[in-house]
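Enquirer: Structure in structure tokens, see below.
Every number in this text was worked out from the coordinates using simple rules, so none of it is lab data. All of these numbers come straight from a predicted model, not from anything done at the bench. Ideal geometry is used to build each Cβ from the backbone, glycine not excepted, and the neighbour counts take in all protein chains shown.
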Amino acid sequence: MSRSVAFYKVVEKLWPIGGPLKSIVRIPFVDKYLGTRLVNERNTDCTWIPVGEDIEVPPESALPMQLLFELVDRASLCFIADSCLCRSTAGCSNFPAEIGCLVLGEGVRDINPWLGKPASKEEGKEHATLAINHGLLPLVLHASFDAFLFGIKEYRRMLVVCFCCDCCCTVRVNMRGGPVAYRNRILRLPGLSMVAGGDCSGCGQCARTCCLGAIELGDEGPEFSDFCKCCGRCAIVCPRGNIRVECDPAVDTRGELFRRLEARTSIG
């Protein structure tokens with residue numbers, strides 16, 4: 001039995017309190033004792049897929065965007081949500097609230113049709129392309145909370161692709177300084193790193209944009225902390241185009257990502 005419409009009406013009313021709750025969990029002693037109980041390896045796995053022109057990959061390697069399309073191709077079923085819960089409840093004026101999550105796998109059968117519509121693989125890829133063209137960042141997310149939210153009974157038969165904005169997304173907003181447990185479950189795409197070069201003007205746009213506070217301006221330009229997730233947003237906003245995403249040719253980015261996901265869920 002899928003979730004009722006009444007359930008989602010209640011969720012819409014309660015969703016805005018997530019921000020204050022996240023701030024409470026950021027308190028060090030609360031984060032230490034409660035954070036890993038709420039968010040841990042067992043129930044949460046997230047990876048941003050960087051998009052844009054500032055991505056350098058070795059010859060014969062797939063661009064990150066192609067990895068996203070391959071996930072869609074592997075899925076037995078696709079479902080497109082009619083709206084983004086984060087943007088719709090926040091009244092977002094910067095990005096379309098009508099661009100919702102993409103849900104993959106057999107778990108789609110449990111979702112209330114009121115939330116959106118089943119989609120073909122081509123429609124799923126078109127939806128992802130539309131989101132990216134609007135400046136949204138794709139986040140591949142396997143989380144038990146999403147299974148609960150969508151009413152999916154079998155957590156290991158689903159995967160969600162969120163399309164995140166900097167202003168409203170619950171994953172990107174209020175993440176500076178914690179909660180550390182949540183931040184630690186956002187995993188960098190294997191083999192990726194951020195590289196800065198060229199003549200940095202010191203404008204600080206990259207540091208201000210980073211949702212994790214993982215960038216500091218040094219004498220020669222931006223410096224990236226170890227907890228940078230390589231989402232690529234800083235490369236997109238750099239006015240001089242001095243920041244790029246690089247992929248290590250010695251790392252099997254595609255293989256490592258899919259092996260990790262296959263150990264958690266089956267969407268075929």
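Enquirer: For labels at Glu256 and Glu223 in the simple 7 Å Cα→Cβ model, what's the distance in nm?
Expert: Here the answer is 2.4 nm between the modelled labels.
Enquirer: Turning to a different aspect of this structure: Once you charge only the Cβ atoms, +1 for Lys and Arg and -1 for Asp and Glu, what is the size of the charge dipole of segment 142-207 about its Cα centre, to the nearest 20 debye? Please report the intermediate quantities before stating the final value.
Expert: Values: 8 positive and 4 negative charges, 66 e Å.
In total the dipole reaches around 320 debye.
Enquirer: For the chain, compute the number of Lys pairs whose alpha carbons are separated by less than 19 Å, excluding pairs fewer than 8 positions apart on the same chain.
Expert: Working: Lys9/Lys117; Lys13/Lys22; Lys22/Lys32; Lys117/Lys125; Lys117/Lys153.
Taking the chain as the scope, the lysine pair count is 5.
Enquirer: Just for the chain, what percent of DSSP beta bridges are antiparallel, to the closest 5?
Expert: Working: 29 of 32 bridges.
Roughly 90 percent of the DSSP beta bridges within the chain come out antiparallel.
Enquirer: Something else now. Which whole-Hz ³J(HN,Hα) couplings does segment 142-151 yield from phi under the Karplus relation 6.51 cos²θ - 1.76 cosθ + 1.60, θ = phi - 60°, glycine and proline marked x?
Expert: Those phi angles translate into 10, 9, 5, 5, 5, 4, 4, 5, 7, x Hz.
Enquirer: In segment 24-45, which residues have a backbone nitrogen under 19 Å from the label point lying 7 Å from Arg264's Cα in the Cα-to-Cβ direction?
Expert: Those under the cut-off are 35-45.
Enquirer: To continue, here is another question. If you build the Cα gyration tensor of the chain and take the root of 5 times each eigenvalue, what three semi-axes come out, in whole angstrom, biggest first?
Expert: On the way: eigenvalues 168, 100, 65 Å².
The three semi-axes for the chain are 29, 22, 18 Å.
Enquirer: Where in segment 1-18 is the amide nitrogen less than 15 Å from a point lying 7 Å along the Cα-to-Cβ axis of Arg109?
Expert: 1-2
Enquirer: Here is a further query. Tally Lys and Arg at +1 and Asp and Glu at -1 over the other residues with C-beta under 12 Å from the C-beta of Ala128: what net charge comes out?
Expert: Numbers: positive: Lys121, Lys125; negative: Glu70, Asp73, Glu122, Glu123, Glu126.
Here the charged neighbours net out to -3.
Enquirer: Further question on the same structure: May I ask you to compute the full-extension gain from Leu14 to Arg240, defined as 0.36 nm times their residue separation minus their alpha-carbon distance, rounded to one decimal in nm? Please list the in-between numbers first.
Expert: Working: separation 226, 0.36 × 226 = 81.36 nm, distance 4.12 nm.
This chain segment gains 77.2 nm when fully extended.
Enquirer: A further question follows. Ignoring solvent entirely, what values of log10 I(q)/I(0) come out of the Debye formula for segment 208-268 at 0.15, 0.21, 0.28 Å⁻¹ when each Cα is a single scatterer?
Expert: Normalising to I(0) and taking log10 leaves -0.63, -0.93, -1.19.
Enquirer: Order these peptides, 114-123, 142-151, 159-168, by their mean beta-carbon neighbour count within 10 angstrom, highest first. Show your work: numbers first, answer last.
Expert: On the way: 114-123: 15.2, 142-151: 18.5, 159-168: 22.4.
Ranking the peptides 114-123, 142-151, 159-168 by packing returns 159-168, 142-151, 114-123.
Enquirer: Here's something else I'd like to know. In whole Å, what are the extents of segment 178-228 along the principal axes defined by its C-alpha atoms, from largest to smallest?
Expert: 35, 23, 14
Enquirer: What is the distance, in nm, between label points placed 7 Å from the Cα along the Cα-to-Cβ direction at Phe69 and at Ser93?
Expert: In this crude spin-label approximation the distance works out to 3.7 nm.
Enquirer: Moving on. Please state the charge dipole magnitude for the chain, taken about the Cα centre, from unit charges on C-beta atoms (+1 on K and R, -1 on D and E), reported in debye and rounded to the nearest 20.
Expert: Working: 31 positive and 31 negative charges, 269 e Å.
My answer is approximately 1300 debye.
Enquirer: Could you order peptides 105-111, 246-252 by the average number of other Cβ atoms within 10 Å of their residues, highest first?
Expert: Working: 105-111: 20.9, 246-252: 14.6.
Those peptides, ordered most packed to least, come out 105-111, 246-252.
Enquirer: I've got another one for you. In the chain, with Lys and Arg counted as +1 and Asp and Glu as -1 at Cβ, which of these residues, Val237, Leu149, Leu212, has the Cα nearest the positive end of the dipole, that is, farthest along it?
Expert: It is Leu149.
Enquirer: Hey, what did the chain get for relative contact order, percent, Cα under 8 Å, at least 6 apart?
Expert: 25
Enquirer: Can you pull the one-decimal nm distance between simple spin-label points at Ser23 and Ser2, each 7 Å off the Cα toward Cβ?
Expert: 3.6
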